[in-house]
Structures are given as C-alpha cells and as structure tokens.
Amino acid sequence: MISMDTIISGGVVSAIGLGTVFAVLAILWGVLEIMRVIFTPKTESAPKEESAPAPAPVPETAPAPAVAQPVAAAADTADDEELIAILTAAIAASLNTSTYKLNIKSYRQINNGTPVWNAVSRRENLQ
C-alpha cells in the first residue's frame, strides 16, 4: 500500500518540476523580448502636420495627339502567340495528349505570394 508520505513527496516533486519548467519558460520569454527590442530596426516616423498646405492647382494641358504604334502592337501579338503556344505545349505534355485537342481561350498570371528566395530556388532546381 502507498503511504501518505509517498504521495506528498510525489506531489512536491511534481510541483517543483512544473515550477522549474514555467520559470525557465519565463526566462526564455524575457530574453527573447530583450533581443526583439535590441535587434528590431527602429523606424522613424515623420511628425504629422495637423494642416498640410493644399497643393497648387495644376494647369490643364491639351492631351498629346495619339500616335499609332504598329510595331509595338505587332511585337505584343507575336509574344502572346508564342506564350499561348508554350502554354498549350506544357498543358499537353502534362496531360499526355495532343495539342490539337486543346484550345486556350485566355490566360492570366497568378501571383501566388511566394517569397523571392523560394521562387529563385525552384527555378534553380528545375534547371
């Protein structure tokens, strides 16, 4: 049978262990806060003015005459056709099908928000 002294000494050991763990966690938290204060770059905010002077009115000017740029339009069309061809080939390769069965109607770039270092690493690994 377990005596009352054994139970009390087990409780004391548990309390000392939990107290030690929480004390060390509190010390680590304090050290991390001190490091945050020391190593965080300080941003200087410019003092805000209560009443900023109104900007001077910009005189209206006549719009510049429209100049046709057929060369740039032709280059954009050629780039779009090349991009559509590349997209069609990539999709056909991933689906293991012919490009004749695919019809790309539109495309757009999706910004997935990955960090630059991640995108560079992926690009390097694919080469």
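Figures for the structure shown
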read-out: Selection within the stretch 85-100 - surrounded by 10 or more Cβ atoms within 10 Å (Cβ to Cβ) and modelled with pLDDT under 85; value: 99
read-out: Breaking point among (1) modelled with pLDDT of 75 or more; (2) in a helix (DSSP H, G or I), for residue 72; value: (1)
read-out: The stretch 97-116 residues that are free of Cβ contacts under 8 Å to residues at least 60 places away in the same chain and closer than 21 Å to residue 77 by Cα, paired with ones that are of a type in the set (Ser, Thr, Tyr) and outside any loop (DSSP other than H, G, I, E, B) (beta carbon under 9 Å, 6 or more apart); value: 99/88; 102/88; 103/88; 104/88
read-out: Residue that is nearest to the chain's Cα centre (by Cα), among those in the stretch 33-43 that are of a type in the set (A, V, I, L, M) and surrounded by 10 or more Cβ atoms within 10 Å (Cβ to Cβ); value: 35
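The values are calculated or read from the model by the stated rules, or taken from the named source; none is laboratory data. These figures come from a predicted structure and were not determined experimentally. Cβ: placed from backbone, ideal geometry, glycine included. Neighbour counts: every protein chain shown.
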